[in-house]
Amino acid sequence: MRIALFQTEPVSDPAIAAERLAAAAAEAASGGADILITPEMYLSGYTVGRTRLAELEAPIGEGVWKSAAKAACSAGIAVLAGGPEAGGFNSCALFDAGGAVVATCRKTHLYGDVDAAQFTPGEALAEVVAFGGLRLGLAICFDIEFPEVARTLTRRGAEAMLVPTANMHPYIGVPERLVPARAQENGVALAYANYCGADGVFDYCGRSCIVGADGDDLARAGEAPGLIFADITREGVTRVRADLDYLFQTRTELYE
């Protein structure tokens, strides 16, 4: 599977977001990508406030979510986009190349006052799904900073994790240290799509990355907007786990 990450400056106008997403999906497709991943809450903007989100939120597949399905269909690739789901959820959804919903995820761990004021926390981790020759787990931003999230998804069969995020300065240690650690300690590939630039509330740190199951970078952005690409395969994950499988050697009886 070839993954493209769309590192971009945040926008709060859904029409502009849709236009940029369509262009990014077309560029990703021309680069051979099978899937394009946006940052957290891309379709609406992240720090736009509860009142605005209430105006925009919709069941996945409707409202602002239609622009992600349309971009996927037009470009002929899958698109994982973040946005406001009805019920107050900070969600993301994976649309296949025909615009059908393959998987969804609601953010379970809310970050600080901004999240608490805007969102309802999800009550369960996302289901692991088979797609593109891999078993995929989804998480959103702060979720992946908790080791239990990645470990649980891996125990449920995930071979790769896709993570839309909105990570800001000064927390560059998350993409530089925690994301590679989550990949290596679980033997999973991990794709982490972040914003760059500022939105008046946060100054985003970029550094979107695609990390192999050994924790090594396959692709990493700086702080400028653009796409990055990398290939991940089941064979690559299997090879890493054959060398050192932390899950197999975990003595869970010691930790209860």
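The values are calculated or read from the model by the stated rules, or taken from the named source; none is laboratory data. Here the structure is a predicted model, which means the values were calculated and not measured. Note: ideal-geometry Cβ built from the backbone for every residue, glycine included; neighbour counts use all protein chains shown. The area values use the complete protein model at the heavy-atom level, side chains included, leaving out ligands, DNA and RNA. Shrake-Rupley method; radii C 1.70, N 1.55, O 1.52, S 1.80 Å.
What to note about this one:
- Rolled with a 1.4 Å probe across the full set of protein chains, the surface gives Ser12 an accessible area near 70 Å².
- Here each label is just a point 7 Å from Cα along the line to Cβ, and for Arg155 and Tyr171 those points are 2.4 nm apart.
- For segment 212-236 and segment 25-46, distance of Cα centres in Å: 14 Å
- With contributions of -39500 (n - 2.57) from each DSSP H run of at least four residues, the per-residue ellipticity at 222 nm computed over the chain stands at -8000 deg cm²/dmol.
- When Thr8, Thr104 are compared by accessible area at a 1.4 angstrom probe, the order from most to least is Thr104, Thr8.
- Computed as a quarter of the hull surface, the mean projected area of the alpha carbon convex hull for segment 2-248 stands at 11.2 nm².
- Size check on segment 26-105: the Cα extents along the three principal axes, sorted descending, read 39, 21, 18 Å.
- Potential lengthening between Glu123 and Tyr255 on full extension [0.36 nm per residue; Cα-Cα distance subtracted]: 45.1 nm
- Heavy-atom accessible area ranking, 1.4 Å probe, most first, across Tyr171, Tyr255: Tyr255, Tyr171
- Accessible area (Å², per residue) of segment 3-162, counting only protein heavy atoms and a probe of 1.4 Å: 36 Å²
- Per-residue Karplus couplings for segment 127-134, computed as 6.51 cos²θ - 1.76 cosθ + 1.60 with θ equal to phi - 60°, are listed in order as 6, 6, 10, 8, 7, x, x, 9 Hz, Gly and Pro entered as x.
- Measuring only protein heavy atoms, the 1.4 Å probe finds Asp243 accessible over about 130 Å².
- Ligands, DNA and RNA left out, the 1.4 Å accessible surface of segment 2-248 is 52% carbon and sulfur atoms.
- Globularity ratio of segment 92-137, using Cα Rg and 2.2 N^0.38 Å: 1.41
- Accessible-area order (highest first, 1.4 angstrom probe) of the listed residues Thr51, Thr252: Thr51, Thr252
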